[in-house]
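Report on one structure; see the data block that follows.
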Amino acid sequence: MRAQTRDAGRALAATGIFTKSRGGQGALVLTPLGQKSYDGKLTVANLRVKDAPVLASLLSAASGVGLLEQLSGDGILFSSVDGAFRLTPNGVSVTRGAAVGASMGVTMTGNYYPQSKTLNMKGVISPFYLVNGIGQVISKQGEGLFGFNYSLRGSSDAPKVSINPLSVLAPGGLRELFRAGPPKVLSE
């Protein structure tokens, strides 16, 4: 199944998964794996994120360089959002997620369990991505030369946010030394 939208923010809000985004053009592709599971791919261009408490927590832990103000004003613009996931009756496993804009880059992998409304996610937040993105040559998509490893665990309404400040000292691909492996992908 393939779906396209001219307002990806509204489409995401309608799913109840992420209600803090606005605008953007996007496409979603779902491929059946069995009777109740799907592999999915999502691409969105020009998505704005506004008033997102979890992202605000990450930003204040990783930096404080005007990004919090952007989050409450017009929002932070991500020129490119790209992800792969598995949707099962047990939840959603994000196997690859990256959102990139001039202000920042964010990557994410992990699991969301809708029945209990809990999550276990990990990734990297790279402030000043326009400048910092020069490290893209030696790092993953969405991660700059310098970035902070983070994890989100617990209730999706108010997850526990933790940042590894030492990870910023390991540029690009060396950051993997400070990162635990991604959570196991969910199955039926």
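The values are calculated or read from the model by the stated rules, or taken from the named source; none is laboratory data. Computed from a predicted model, the values in this text were never measured in an experiment. Virtual Cβ from ideal backbone geometry, glycine too; neighbours counted across all protein chains shown. With ligands, DNA and RNA removed, areas are computed over all heavy atoms of the protein, side chains included. Shrake-Rupley method; radii C 1.70, N 1.55, O 1.52, S 1.80 Å.
Quick notes
- Considering segment 34-58, and only residues there that are small (Gly, Ala, Ser) and not in a strand (DSSP E or B), the residue that is modelled with the highest pLDDT turns out to be SER37.
- Among residues of segment 67-120, those that are acidic (Asp, Glu) and at pLDDT 90 or above, counted: 1
- Among the residues making up segment 17-33, those that are under 16 Å from the mean Cα position of the chain (by Cα) and part of a loop (DSSP other than H, G, I, E, B) are ILE17, PHE18, THR19, LYS20, GLY24.
- Selection count, segment 32-50, where residues are closer than 26 Å to GLN115 by Cβ, out of contact with any Leu (no Cβ under 7 Å at 6 or more places or on another chain) and open to solvent by 40 Å² or more (accessible area, probe 1.4 Å): 5
- Hits in segment 12-31 - residues which are among the polar types (S, T, N, Q) and open to solvent by less than 50 Å² (accessible area, probe 1.4 Å): SER21
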